[in-house]
Each structure stands twice: as structure tokens, then as C-alpha cells.
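Shown next, in C-alpha cells, is the structure this report addresses.
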Amino acid sequence: MDKLLKFMGFIGDLKRVKRTGWVLRRIEDPESVADHMYRMALLSFLVEPTSGLNKDRCIKISLVHDLAECIVGDLTPQDDFSKSEKQKQEMEAMKHICSLVSEEVGQELYELWEDYEFQKSEEAKFVKDLDKFEMILQAHEYENLSNSPGRLQEFFDSTKGKFKTVQIKDWVEKLNTKRCSSGGS
């Protein structure tokens, strides 16, 4: 039971790990990693039936893709870590987290995380696009909340041309249209 409670504690920690990009931009009351993962999971419910994607798998990947951040924190490109070092730290964190639950559950959590990390499945690729989309959606909301259109343009710029899935490209286009009509870039 001690291991299980430790696992539950790690999940709770995700509610307190603030998303670094927003903290660095001095966003008042920035979202947590858990907030981000929760919205991604709910957005995964919107997977189009004609896409051929497994909606349940997309939801699960969304729920675990940043799980290691309860131990390593929300590392960003601005942090002094190479991609391989970040990946190594997250892999070690995931192995530890997964050791706290039953072998079957631990294997599933790790496999879902690894699928996302290495973009093995179409579902993982969709969720990767969803991760970037959720970030710019959040940026748009922060711009609106602070009445500062265009303030977070760098987040939009960082994703330009990087979306691969048709459904998410459509969402990005709609968001950009809405943003432009409300005074953003």
C-alpha cells in the first residue's frame, strides 16, 4: 500500500507543477501539468471517428505523456539539458513511477509513455499535435485574459508548420482565424 500511496502522491504533485513556459512569461496563475494533461485527455474525446485512430488510446496517451514531470519537472528547450539527457531523466522517472503499481498497470503506463516519446503509433502522433495545439489554445486564452493580443506570439511561431494531422491542422486554422479577428497576430 505504501507504494500505491507514493504513486498517488506523484499524481497529486502534477497538480502543483506549473508549466514552465507560462511561469517564464510571468503569466498570473499559470496552468499546472495536470491541467494541461486533463484538457488534452478531454480533447482526445473529439478524435474524428473517420480518422481510424483509437480514441481510448489517445485519451490514455494524453493522460500519461507528461507523467515523468512529477519527478523531473517541466523541462523546456530553455533549460540546460540536451534532448537525450531530458529523455534519459524522464525514462528513469517513468520506470520508478511504474514500479509503484502492479506490473500490468506499470507496463501499460510505460508503453503508452514510450509510444508518445518515440512517436511509434498514429495515436501518439495525433497526441503530439494535440500537445502543441493545447499550448497555443492556452496561449490564446492567456492573451485574452490579460487583454494583451499578440503577447504570446512566440508560442504560435514555435508551432508554425509543425502540425501533421488533418484534424488538428483544422483546429489550428480555426484558432488562428479567431485570434486574428480578436486582434492577435
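Just so it is clear, none of the values below were taken in a lab; they were calculated from the coordinates. Given the structure is predicted, the values throughout are model-derived calculations rather than measurements. All Cβ positions, glycine included, derive from the backbone under ideal geometry; neighbour counts span all protein chains shown.
Here are the numbers:
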quantity: The chain - mean residue ellipticity at 222 nm from DSSP helices (-39,500 (n - 2.57) per run, n ≥ 4, rounded to 500); calculated: -20500 deg cm²/dmol
quantity: Kirkwood hydrodynamic radius of segment 2-181, Cα pairs, Å; calculated: 17.1
quantity: Student exercise, the chain dipole from Lys, Arg, Asp, Glu Cβ charges, in Debye to nearest 20; calculated: 520
quantity: Relative packing of peptides 112-125, 53-66 - highest average C-beta neighbours within 10 Å first; calculated: 53-66, 112-125
quantity: For segment 33-105: Kirkwood Rh in Å [reciprocal of mean 1/r, alpha carbons]; calculated: 13.8
quantity: Highest-first arrangement of 46-52, 25-31, where packing means the average Cβ count within 10 Å; calculated: 25-31, 46-52
quantity: Inter-centroid distance (Cα atoms) of segment 121-185 relative to segment 44-71, Å; calculated: 18
quantity: Degrees, to the nearest 10: 2-13 long Cα axis against longest axis of the chain; calculated: 10
quantity: Mean projected area (nm²) of the alpha-carbon convex hull when segment 110-183 is viewed from all directions; calculated: 5.2
quantity: Chymotrypsin sites (Phe, Trp or Tyr not before Pro) within segment 1-69, DSSP loop, no more than 11 other Cβ atoms inside 10 Å; calculated: PHE45
